[in-house]
Amino acid sequence: VHLPATKAPHYNANFENGENMKVMAYPQRKSLFLKWFVLLLLTFLYLRLQHRILLLLPVLDDAAVLGVGDFGFTAPPLTYSNSAHLFCKDDVVQSYTVCNGFSNQLLGHAAFISDLVMRGRAVHIPDAFILNGVQNESDSEGSLISVFPNEHNSLPLTYIVDGDALLSVIRSFGVDACFVSHKKVVSFPNGFMGCSWLDVLRKASSKLELEVLNAVKPSNGLDELVQSTYATLQDRLPTNVNIADGICLHHRDGADWHKHCHSWQGNNCMNFEEQPIEDLVHYRIAAAYPKKWMYYVADVRPSAAFTEIFEERTGLKVLHRAKDGLLKDDIVQEKLLGGVEPTLEIHRDIHAAIDFFVCKRVSSFIGNSVSTFSALQIALREGKKTSWYNSRSNPLLESFMKVQNIPVVYTYTEESQPMGKYLLKVSITSVRQLFGMDIDINIIYHGNKDELFLEWLRKRHAIIHNHEPNWLPMIDKMISYADHDRSHLYSHRGNYIGTWQRIDIPLFIEEEYVILLDADTVVHKKFDLSTFGLEITPGIAIGQESETDTNPANLGVALLNVPKLRETYGDFLKFVRDHADRSQDFVSGPSDQGAYLDFYHSYKNPYDVLDLKPSRYVRRLDKVFNIKPYYTSTNNFYERFIIHFHGLKPHEILKSLMGYPKHELPRAVEFLYDLMFQRDSHELVCLALHDFAVALVDDKDNMQQFCEISFTDLKERVVCTYFFKMVAATPESGDCVEILKLRGYKKFIPCKESEEAYYSSTPEAKVAKFKSGYDHFLHVGKEQGKIYPACKRGPSS
């Protein structure tokens, strides 16, 4: 039930074609051909013998044949309405085999079925479920030997899963599918086919694999066991505890797991930073959504001392299937084992199946991401309300089956400037356009009066977290002593509150990782947790400030390890309050951005002089997650995941292209005008505006409001809506500047009338070192309170 400690074996391509044989040495090819010849001969003899035997026997329903087992008991009959519809014809051979424990078997089925569907092949499923797939033996090289189904260690898969449901989904993909009978499967030399599911899983479609896994439902018999366990669990809860307030914890702590982790080559296997499991669980529960009970799935029964410590630290009532008698053995005997008493040594994976489907019913999940059992739970939940106590990477879902979505979080206060709301709507729309409803959008929302906006958010299925911060007096004090030239954020209290709201994200978010997006971002390309690789941050990862910078500096897009932020929340808040009490600015930057960098760079890392380079808890996100419109690298732009309108906002860029002069921009971003508009080509600026336009025009009301607040002139409001409609309708490589030129608009150039008027009022501007009156105004006149007369914009007539 875990990934191999060493590199996974490559899928044997000789199953599909002979290309891999070309690179083999002659002796290897000869040995391989010999093996295949023996396999084909055995298969032929087996089919011939079976055919002759069948001629001597009366015609039997496959279900009846399957009811007779060679493992010491007679399993109860199948309860499907049309069980004969499940099984293949007698001459059909299984397409693949399964191996090892419960979760490995499920993943093997998903991998091979998806691979066959993608190639348009019929799917012949081996109707075998290994009862105990623990790998106890090793080969001469120290690698664990796989366990394959045989007549002594397995029963029919169709006693465990709903065969009709699985076949129905597979057949919906346009291929035929059936089960090869258990009797035939256990007579087949399964070990000869190898345990190659992992590499097949990597190559097949992750989306298709997830659909197959979702089609795996418990059989009638198993479902009765799951329901009985869950019902007893509910009965054991106090009357004031809601069943929805639970967590399933999958805890790997047995001797075999410790042995595996000793040779594990990844960055996580055991408890994160060697913390006690009760602390790690505690840090994975959001204060806004407290939990009351836990279904505990583990290698061994929890001791009384373990339960007491756990309940004291987390406040969770711990329930374990065996320890708390949630399922009687006689029910398992009756429903699955034909009267044989279940034991952990023989029927380990029966118990695993029960725990898996009970766990699946619990609203939240915490596991160990290196374990395939845990990875499967996370995959089936698509990452929602899931975390893992070993933290960091999720190897299976990073390298093999990339289906784990990462939630998005925004912060918003009704006290912010109106433009912030319009930009936020565009950003949320861009996420929904790309991901549909597959991804959770969280809003840390301060206020309760803007019912129209709240309804807009609800219609987009945003998760609204009511935020009533207790640190607002601290914010007012920081604004009072801040250097307002250092950041435009200090100029508006509401906007400033909005940036600080992010410090309370760990109070609300229930997942292991979350992507924080500023309102002025637009998502261009889909991503999931695998996009961030195996060396994912144990703390925070943020973008660079400038294009050439190599240091993490900008929090407009941030990947956050939520449990680590929750663990450090008290210390971080105290750190911020201490600075406010001393009227002391942060070293690494203004506002919350400086606070995050100062605190997490130095966390468990005492320093004399603060080093802004990437550190253990502060990593740098790749540029493509925080592309700014003033960047100049074409390669970075075309690889972009997220555009961040850091500095000039979309309406300010549009105004600049329409002829608004530099000095009408906010002072803090004036310097960006020269970076963006002194070049002849505006290809990259147009790319950024195209991303924004596609999301803006999707909501006509928001586009109208955006243009109305951006422009006071009625004609320019019309041009604004026309421009974004045209940009959204043209390919992203289109020239947005030409759209404006056709309407008579162009970039600002000092006009003759304004120059003459300015020289007339400011004769000293004619000195040689200034190339124009406007140049003098920017460098001298503006500070002296001079006025530069506006040039006419737009068409001349």
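The values are calculated or read from the model by the stated rules, or taken from the named source; none is laboratory data. The shown structure was predicted, so the numbers you read here are calculated from the model rather than taken from an experiment. Glycine gets a Cβ as well: all are built from the backbone with ideal geometry, and neighbour counts include every protein chain shown. Surface areas here come from the heavy atoms of the whole protein model, side chains and all, with no ligands, DNA or RNA. Shrake-Rupley method; radii C 1.70, N 1.55, O 1.52, S 1.80 Å.
Among the conditions (1) more than 32 Å from the chain's Cα centre (by Cα); (2) closer than 21 Å to ILE505 by Cα, the only one that VAL576 does not satisfy is (1).
For the stretch 587-619, a residue qualifies if it is assigned to a loop (DSSP other than H, G, I, E, B) and among the hydroxyl-bearing types (Ser, Thr, Tyr), and the qualifying residues are SER588, TYR603, TYR607, SER615, TYR617.
Checking each residue in the stretch 170-192 for being under 34 Å from the mean Cα position of the chain (by Cα) and part of a helix (DSSP H, G or I) picks out ILE170, ARG171, SER172. ILE309 satisfies every condition listed in (1) within 30 Å of VAL557 (Cβ to Cβ); (2) surrounded by fewer than 19 Cβ atoms within 10 Å (Cβ to Cβ); (3) aliphatic (A, V, I, L, M) except (1).
Here the condition is being modelled with pLDDT of 95 or more and open to solvent by 60 Å² or more (accessible area, probe 1.4 Å); of ARG52, ARG119, it holds for ARG119 alone.
Taking the stated definitions as given, is LYS655 closer than 11 Å to PRO629 by Cβ, charged (D, E, K, R), crowded, with 20+ Cβ neighbours inside 10 Å and touching a residue at least 12 places away in the same chain (Cβ under 8 Å)? So LYS655 does not fit the description; no. One residue stands out among those in the stretch 178-214 that are acidic (Asp, Glu) and open to solvent by less than 20 Å² (accessible area, probe 1.4 Å): the one that is modelled with the highest pLDDT, which is GLU209. Within the set LEU157, LEU144, LEU167, the sole residue that is at pLDDT 95 or above and out of contact with any Cys (no Cβ under 9 Å at 6 or more places or on another chain) turns out to be LEU157. In the stretch 537-560, is there at least one residue being closer than 22 Å to PRO506 by Cβ and in a helix (DSSP H, G or I)? No, the stretch 537-560 has no match at all.
Here the condition is being touching a residue at least 60 places away in the same chain (Cβ under 8 Å), within 22 Å of CYS99 (Cα to Cα) and not in a loop (DSSP other than H, G, I, E, B); of LEU167, LEU225, LEU233, it holds for LEU167 alone. Restrict the check to the stretch 568-587 and report whether at least one residue is more than 29 Å from TYR481 (Cβ to Cβ) and aliphatic (A, V, I, L, M). For the stretch 568-587, residues more than 29 Å from TYR481 (Cβ to Cβ) and aliphatic (A, V, I, L, M): absent.
Looking at the stretch 759-779 only, could you name the residues that are of a type outside the set (Asp, Glu), open to solvent by less than 30 Å² (accessible area, probe 1.4 Å) and in a helix (DSSP H, G or I)? ALA765, GLY773, TYR774, HIS776, PHE777, listed by residue number.
Confirm whether ILE113 is open to solvent by less than 30 Å² (accessible area, probe 1.4 Å), within 31 Å of the chain's Cα centre (by Cα), under 27 Å from ASP256 (Cα atoms) and of a type in the set (Val, Ile, Thr). It is false that ILE113 is open to solvent by less than 30 Å² (accessible area, probe 1.4 Å), within 31 Å of the chain's Cα centre (by Cα), under 27 Å from ASP256 (Cα atoms) and of a type in the set (Val, Ile, Thr).
Assess whether ASN220 counts as being more than 26 Å from the chain's Cα centre (by Cα), within 30 Å of HIS467 (Cβ to Cβ) and open to solvent by 40 Å² or more (accessible area, probe 1.4 Å). Criteria not met by ASN220.
As a summary of the residue check, HIS644 satisfies the conditions (1) open to solvent by 10 Å² or more (accessible area, probe 1.4 Å); (2) touching a residue at least 40 places away in the same chain (Cβ under 8 Å) except for the one numbered (1). Can TYR722 be described as under 30 Å from ILE642 (Cα atoms), in a helix (DSSP H, G or I) and of a type in the set (Ser, Thr, Tyr)? Taking the combined requirement at face value, the residue satisfies it. LEU454 passes every criterion in (1) closer than 16 Å to ASP518 by Cβ; (2) free of Cβ contacts under 8 Å to residues at least 24 places away in the same chain apart from (1). Could you check how many residues of the stretch 622-639 are assigned to a loop (DSSP other than H, G, I, E, B) and open to solvent by 10 Å² or more (accessible area, probe 1.4 Å)? The total comes to 5. Candidates in the stretch 581-611 are the residues that are among the acidic types (Asp, Glu) and within 20 Å of ASN495 (Cα to Cα); of these, the one that is least open to solvent (accessible area, probe 1.4 Å) is ASP592. Being in contact with a Gly (Cβ under 9 Å, 6 or more places away or on another chain) and either among the acidic types (Asp, Glu) or open to solvent by 80 Å² or more (accessible area, probe 1.4 Å) (or both), is that true of even one residue in the stretch 724-746? Yes: the stretch 724-746 contains one or more residues that are in contact with a Gly (Cβ under 9 Å, 6 or more places away or on another chain) and either among the acidic types (Asp, Glu) or open to solvent by 80 Å² or more (accessible area, probe 1.4 Å) (or both). The set of residues in the stretch 126-148 being part of a loop (DSSP other than H, G, I, E, B), touching a residue at least 12 places away in the same chain (Cβ under 8 Å) and closer than 17 Å to SER196 by Cβ consists of ALA128, GLY133, GLN135, SER143, SER146, VAL147, PHE148. Applying the condition of being under 21 Å from SER364 (Cα atoms) and crowded, with 19+ Cβ neighbours inside 10 Å to the stretch 247-268 and asking which residue is modelled with the lowest pLDDT yields ARG252.
Condition first: open to solvent by 10 Å² or more (accessible area, probe 1.4 Å) and more than 21 Å from the chain's Cα centre (by Cα). Now tell me which residues in the stretch 521-566 satisfy that. Those that are open to solvent by 10 Å² or more (accessible area, probe 1.4 Å) and more than 21 Å from the chain's Cα centre (by Cα): GLU545, SER546, GLU547, THR548, ASP549, THR550, ASN551, ALA553. The residue list PRO238, PRO290 contains one member that is modelled with pLDDT of 95 or more, assigned to a loop (DSSP other than H, G, I, E, B) and surrounded by fewer than 18 Cβ atoms within 10 Å (Cβ to Cβ), which is PRO290. Filtering the stretch 153-162 for residues that are within 13 Å of PHE102 (Cα to Cα), within 31 Å of the chain's Cα centre (by Cα) and surrounded by 13 or more Cβ atoms within 10 Å (Cβ to Cβ) leaves a non-empty set. Residues in the stretch 93-107: is at least one open to solvent by 40 Å² or more (accessible area, probe 1.4 Å), among the polar types (S, T, N, Q) and within 30 Å of LYS259 (Cβ to Cβ)? No: zero hits. Residue check: ASP571 meets all listed conditions (1) touching a strand residue (DSSP E or B) at 6+ places or on another chain (Cβ under 9 Å); (2) open to solvent by 10 Å² or more (accessible area, probe 1.4 Å); (3) of a type outside the set (Ser, Thr, Tyr) but one, namely (1). Scanning the stretch 640-688 for residues that are in contact with a strand residue (DSSP E or B) (Cβ under 8 Å, 6 or more places away or on another chain) and in a loop (DSSP other than H, G, I, E, B) yields ARG640, PHE641, PHE645, HIS646.
Being under 24 Å from CYS686 (Cα atoms), aliphatic (A, V, I, L, M) and part of a loop (DSSP other than H, G, I, E, B) is true of ILE749. Each residue in the stretch 391-436 was checked for being out of contact with any Ser or Thr (no Cβ under 6 Å at 6 or more places or on another chain), polar (S, T, N, Q) and farther than 30 Å from GLU451 by Cβ, and 4 pass.
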